[in-house]
Each structure stands twice: as C-alpha cells, then as structure tokens.
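Worksheet: one structure, shown below.
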C-alpha cells in the first residue's frame, strides 16, 4: 500500500511556542486529513483539505495541502498544554475507494 | 453526536484463543472499519465494510476475519490469537459516499500472552 512519512516522530513543546509537523507521500491523494488522538480516546478530525494548495485554519491550527498533492503540513501556533497528544496525517484517494492511509503519527509532549 | 462504542477498553487473552472485538455505531452509517494502531506505524486498515453483509480486506487482513450481520455492528475476529496481534484496535464508522468524516471509537487494547 501507499506509505505516508510523517515527521517528526515526537516533539516537546513549551507553552507559547509555534510547532510544525508534516507528511510526505510517494503518490498523490485527493484529500489530506489531520487527526488528533488524546490518551484513551480514538482519533478526532481536526482539519480536512480537499484541493491542492488549499490552506485551512481551525483556531490555532493551520494546515496546507501541498501543490504536488503529495504532502501536507500542520502548524500549531501559541501552543498550550492541552495540545499534547498524537497527531496523525491521513491521505484519501477516490480511486482506492476513499480508504484512508495514515502516517506514523507525531507525539507532542510538554517540555519538563 | 456520533457515538462509536467498542465492547472492551482492555483485553488480555492467551495464544491460540478465539477473540471477538465488537463495535457498535448509533448513526446509521453504512461504512465501518477496523484498524490496528502500533507505535510509529500509525493506523493500518485490517478490514472494512461498505454495508451489511459486505466486507473487504484492508492492508493487513491476515489472521483476522470480520462479520457485519447488522448495520450498526461490525465485529473483528481473531480465529487463533498470536502474540504479534498484541495491539490497540480502533473501530470507525462513516456515512457512505465521498468526503464524509470517519468517527472513531475509543479503542481496545488487546494483549496476547
């Protein structure tokens, strides 16, 4: 199946910092999605991107659908402690029956 | 609110046991999915179902089977559990058609000893 490379695998945040994570793929997707998973819960959709070049915000979160349709990034501005969790990118392809392919996840932790 | 529930949050089973993981959704969604989540590998699709009685293999179906006898319920079956099936299992559902959001259950952490 398709592979999504998500980086970084983990990161520490300090309150107030901006953080960024990204996903790259060897092939194109029609839709890019970003999910957040908190401990003991399933992933919850944060942002969905439907067009190449699209830039979408949801509060302090901003995500972009890369022009090549093979990558996407997620920015969190002015991070707060409740931003901790695992963030997943996912690509969706119509030709593959709209199944989702997930990245490996970025674990966001608070700096001690 | 969409609710996807999974029968157990934690499960411990022995090698060779038959294991049933149950998932129920209350929003009349046509599509249902089973994933396993492992550190660094993200979520990998095991099986999915577009509607009642229908099932399709995902990316890693080996060692698993599924059952969808009713629209709201999608069961994942491990015929003979093995230690490499120790993982977090996530169920999801979605309204049929393109562009609709998948809603996830809270997950079942399965340990096979």
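The values are calculated or read from the model by the stated rules, or taken from the named source; none is laboratory data. All figures in this text were calculated on a predicted structure; none of them were measured in a lab. Here the Cβ is made from the backbone with ideal geometry for all residues, glycine too, and neighbour counts use every protein chain on show.
Look at (1) at pLDDT below 95; (2) closer than 17 Å to residue B:77 by Cβ and you find that residue B:61 fails only one, number (1). Only one of the numbered conditions (1) without any contact (Cβ under 8 Å) to a residue 12 or more places away in the chain; (2) under 21 Å from residue A:29 (Cβ atoms) is violated by residue B:103, and that is (1). Taking the conditions (1) within 15 Å of the chain's Cα centre (by Cα); (2) part of a strand (DSSP E or B) in turn, residue A:29 satisfies each one other than (2).
Checking each residue in region A:57-112 for being farther than 25 Å from residue A:12 by Cα, touching a strand residue (DSSP E or B) at 6+ places or on another chain (Cβ under 7 Å), facing chain B (nearest Cβ under 9 Å) and not in a strand (DSSP E or B) picks out A:98, A:99. Residue B:27 meets all of the listed conditions (1) within 11 Å of chain A (Cβ to nearest Cβ); (2) within 14 Å of residue B:93 (Cα to Cα) but one, namely (1).
So, residue B:109, is that one at negative phi, more than 14 Å from every other protein chain (Cβ to nearest Cβ), surrounded by fewer than 21 Cβ atoms within 10 Å (Cβ to Cβ) and in contact with a strand residue (DSSP E or B) (Cβ under 9 Å, 6 or more places away or on another chain) or not? Here the answer is no, as residue B:109 does not meet what is asked.
Is it true that some residue in region A:4-15 is surrounded by fewer than 21 Cβ atoms within 10 Å (Cβ to Cβ), more than 14 Å from residue A:89 (Cβ to Cβ) and within 14 Å of chain B (Cβ to nearest Cβ)? Checked region A:4-15: at least one residue is surrounded by fewer than 21 Cβ atoms within 10 Å (Cβ to Cβ), more than 14 Å from residue A:89 (Cβ to Cβ) and within 14 Å of chain B (Cβ to nearest Cβ). For residue A:23, the conditions (1) assigned to a loop (DSSP other than H, G, I, E, B); (2) surrounded by 20 or more Cβ atoms within 10 Å (Cβ to Cβ) all hold with the exception of (1). Looking only at region B:54-90, residues that are away from chain A (no Cβ under 14 Å) and assigned to a loop (DSSP other than H, G, I, E, B) come to 9 in all. Taking the condition part of a strand (DSSP E or B), within 14 Å of chain A (Cβ to nearest Cβ) and under 15 Å from the mean Cα position of the chain (by Cα), does residue B:20 pass? No, not satisfied.
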